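Below is one structure, written out as structure tokens, with a few remarks after it.
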């Protein structure tokens, strides 16, 4: 089979398409015939060798994919060859024509969801789900600010929060991205590149501020986030690319909280709960992954360049 292999950490050029042996399922495992692969920013950090988890070389990137079951190992129940599935993590990497996963990492892909959409479920939707419900403990009736509401995690957060009864305020850096956030369910969408956009946010909330903020770029926004939190508000830091200076008094006077999260910290029990919710949302249509760009697997280097560009619009997907 074909797979992207990384033999040294570095730039996008280290992503090489190679021939590797086909995979076999061991006990409790599933081999998935990959139809689409989701590309995430953390894939680029891991490729550079700067991520918290540094895989042993060589390795195949990626943990998000959708396809059909090729084969199942001894003791696997609930899946059979030909079943449509998406994976929430793999043992062998997703940038390939096949991926090996533990059975608990494999989830049914409803017939109303395309493979390309399915490839955009795991990291974006599981991250947004965990941030909203398991970390921030958001509740219906609260107001949430979602920075970068047109990207993969942002779109997921908008759909999840809107479906659960929160008032959703999204931000986007382009008109196209802001239109996407509105279409996906944001009640209000602001231009985070415009001076004074946070003043507009405060007007929208009657001067109270927001209860929850999903922060995708903390090194740029966190200090300002703290000034628009409601009493007992929570900021969940999902993404960050550098250092920032903040005024802790903004946290103190609101009894607020700044919470960090990494999806890899979720327990198996938490992941089971997350994906049960996601599959239900996919089935009833409240969750609708948006695919912004599809590229051939061989163009993985280009996908890694595009995923880090500003003005995110939906999910970038590789097709084997």
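Coordinate-derived values only; no laboratory data. In this text the structure is predicted, and so the values were computed from the model without any measurement. When we count neighbours, we look across all protein chains shown, and the Cβ atoms used for this are built from the backbone with ideal geometry, even at glycine.
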Query raised in the report: Counting other C-beta atoms within 10 Å, which of 226, 57 has the fewest, and how do the rest follow?
Result: 57, 226
Query raised in the report: For region 124-264, what is Rg from Cα atoms divided by 2.2 N^0.38 Å, rounded to two decimals?
Result: 0.93
Query raised in the report: Under the Kirkwood approximation for Rh and a Cα-based Rg, what ratio Rg/Rh is obtained for region 31-71?
Result: 1.05
Report summary line: Taking region 33-142, the whole-percent share of alpha-carbon pairs separated by over 21 angstrom is 41 percent
**Report entry** Neighbour-count ranking [beta-carbon atoms within 10 angstrom, fewest first] of 319, 14
**Finding:** 319, 14
Query raised in the report: Where does the chain land at 222 nm, in deg cm²/dmol rounded to the nearest 500, when only DSSP H runs of n ≥ 4 count, each adding -39500 (n - 2.57), divided by all residues?
Result: -7500 deg cm²/dmol
Report task. Once you've got the GNM for the chain with C-alpha springs shorter than 10 Å, pick whichever of 89, 281, 118 has the biggest mean-square fluctuation. Result -> 281
Report summary line: Here the relative contact order (percent) of the chain, from C-alpha pairs under 8 Å and at least 6 apart, is 19 percent
Report task. Based on other C-beta atoms within 10 Å, arrange 79, 129, 313 from fewest to most. Result -> 79, 313, 129
Query - If the convex hull is drawn through the Cα atoms of region 201-277, its volume per residue in Å³ - result: 114 Å³
Query raised in the report: Taking only the alpha-carbon positions of the chain and ignoring solvent, what does the Debye formula give for the base-10 log of I(q)/I(0) at q = 0.10 Å⁻¹?
Result: -0.55
Query raised in the report: In percent, how large is the relative contact order of region 35-190, given Cα pairs closer than 8 Å and 6 or more residues apart?
Result: 17 percent
Query - GNM result for the chain, Cα springs below 10 Å: residue of 40, 243, 221 fluctuating most strongly - result: 243
Query raised in the report: Say we join alpha carbon atoms closer than 10 Å with springs in a Gaussian network model of the chain; which of 157, 233, 285 then has the biggest fluctuation?
Result: 285
Requested in this report: Would you mind pulling out the separation of the Cα centroids of region 12-29 and region 129-174, in Å?
Outcome: 35 Å
